[in-house]
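Notes follow once the structure below has been shown.
Just so you know, all these numbers are worked out from the coordinates, no wet-lab data involved. Just so it is clear, the model here is predicted, and its values are computed rather than measured. Quick reminder, even Gly has a Cβ in these numbers, built from the backbone with ideal geometry, and neighbours come from all protein chains shown.
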Amino acid sequence: MARFLFVVLPVVSHLNAPLAIAQALEAAGHEVAWCGPRSDLRPLIGPDATLYPTGKRYYRLDGESGMASVRSLWEGHVLPVNRFIRDAADRAVADHRPDVVVVDQYALAGALAAHRHGVPWATFCVGTLELTPPTWEMPEFTDWVRAQLPRVWAMTDLPVDETIDLRFSPYLVIGLTSTALTGATPLPAQCVLTGPALGHRPDAPGFAWNAWDPARRHVLVTVGTMAEHLARDFYQRMMAATAPLADRVQVVLTAPPDLVPDPPAHVLVAPRVPVLELMPRLDALVSHGGLGTVSEALAHGVPVIVAPIRHDHPAVARQVVEAGAGIEVSFGSATPAELTAALTALLDEPGYRAQARRVGASFAAAGGAVAAARHLAALAARHIDHCPTGTAPLA
């Protein structure tokens, strides 16, 4: 059996997929260790799992869009957080001696540590921004991002290797989607699409099931954990939009209670919900376009209204619309009437659910977490002729 080390970042939405893949690896008899923030990982992996802590560096979305948001992502989060976890990632690889290092697409320090120590690594992509670059609206995206990669190499004692794009392993790239969404978009070399990786979530919160009305249809409204501070007005418009439908629709809205004071009777507000328990019971999802939640909905045949904010959200919205599985609206300016019309269409026109089920079937065929684990095990079993540039301790 093989030894794996997962290197993850302190972003809650980036942890569900690697957790599910790790569970599949362990179920197959492999050994898994982790490098990442203790406060986020311990509740998920349990007290006995091997953990190399990195500490935690927070990042919050702002209201920028387009290339401004990409620059903010890299300069405000990707580069600083990789400098922050550099030493911990290097120590983890040196100490654990894994057969394969499995890294978040933005945990570039994990890829560098694997490269330094002559260990093959695999990349998992929890979003579409890097996997299917939005060159139609940001033609400068690819060149600008590639120009940032030497700054990551400069965090170590390694010379820049221009043959390696640190965002994508030369050995294995796992895309958590399927061609039902990506279409014919070119993908990185060594890329496999497994669909979303869904598994057991030990930290899933409870839910007020006694307030659930089985006589009404159900809509989940969520903008994830990183954009709630931008969503107060959007929440208000969504509540106004669903008011005319209150006799037949019950809304579950994830938000801190102070952002949605005194919600109407047809709206249940909770800071967190057990998403995978809710999905089979939902009739529609309203989301900002995070690939994780959107894919979870489509995996259950639930159509989606996407209100993209930034980063890969517009790309996810475009893919959902082109697949016929949902509708795109403006996060910042959609009126309550427009939101009512979109939600009514999603609930009443069967084509959206039929296409959502089609995408969900493609996810199931791709194999999910079990398929991702199988690809990782195959990588661990390969003989990799790799000569590390150097393995001296980092200064």
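Just round it to a whole percent: the fraction of Cα-Cα distances in region 140-204 exceeding 13 Å. Could you put the intermediate results ahead of the total?
Values: 1517 of 2080 pairs.
Of the Cα pairs, 73 percent sit more than 13 Å apart.
222 nm [θ] for the chain, helices only, -39500 (n - 2.57) per DSSP H run of 4+, per residue, to 500? Write out the running numbers ahead of the final one.
Working: 14 runs with 150 residues, N = 395.
That calculation yields -11500 deg cm²/dmol at 222 nm.
How many angstrom separate the Cα center of region 215-290 from the Cα center of region 127-164?
Region 215-290 and region 127-164 have Cα centres separated by 36 Å.
Can you give the log10 of the normalised intensity I(q)/I(0) at q = 0.13, 0.16, 0.20 Å⁻¹, computed with Debye over equal Cα scatterers of region 54-200?
These q points yield log10 I(q)/I(0) values of -0.61, -0.94, -1.42.
Compute the projected area of the convex hull of the Cα atoms of the chain, averaged over all viewing directions, and report it in nm² to one decimal place.
Computing the convex hull of the Cα atoms and averaging its projections yields 18.4 nm².
From the residues Pro80, Val306, Ala113, which one has its Cα farthest along the dipole of the chain in the positive direction, the dipole being from +1 and -1 charges on Cβ of Lys/Arg and Asp/Glu about the Cα centre?
Result: Ala113.
Once Rh is set to the Kirkwood radius over Cα pairs, what Stokes-Einstein translational diffusion coefficient, in µm²/s, holds for region 209-365 at a temperature of 25 °C and a viscosity of 0.890 mPa s? Display every interim value, and only then the final one.
Working: Rh = 15.3 Å.
Diffusion coefficient, whole number: 161 µm²/s.
Compute the Kirkwood hydrodynamic radius of region 223-305, taking the inverse of the mean of 1/r over all pairs of distinct Cα atoms, and give it in Å to one decimal.
Values: mean 1/r = 0.0756 Å⁻¹.
After inverting the pairwise mean of 1/r, the radius is 13.2 Å.
Consider a paramagnetic label point 7 Å from the Cα of Arg83 along Cα→Cβ; state which residues of region 142-156 have an amide N under 16 Å from it.
148-156
About the Cα centre of the chain, what is the dipole size in debye to 20, counting +1 per Lys and Arg Cβ and -1 per Asp and Glu Cβ, all else neutral?
Details: 30 positive and 37 negative charges, 98 e Å.
Magnitude of the dipole: close to 480 debye.
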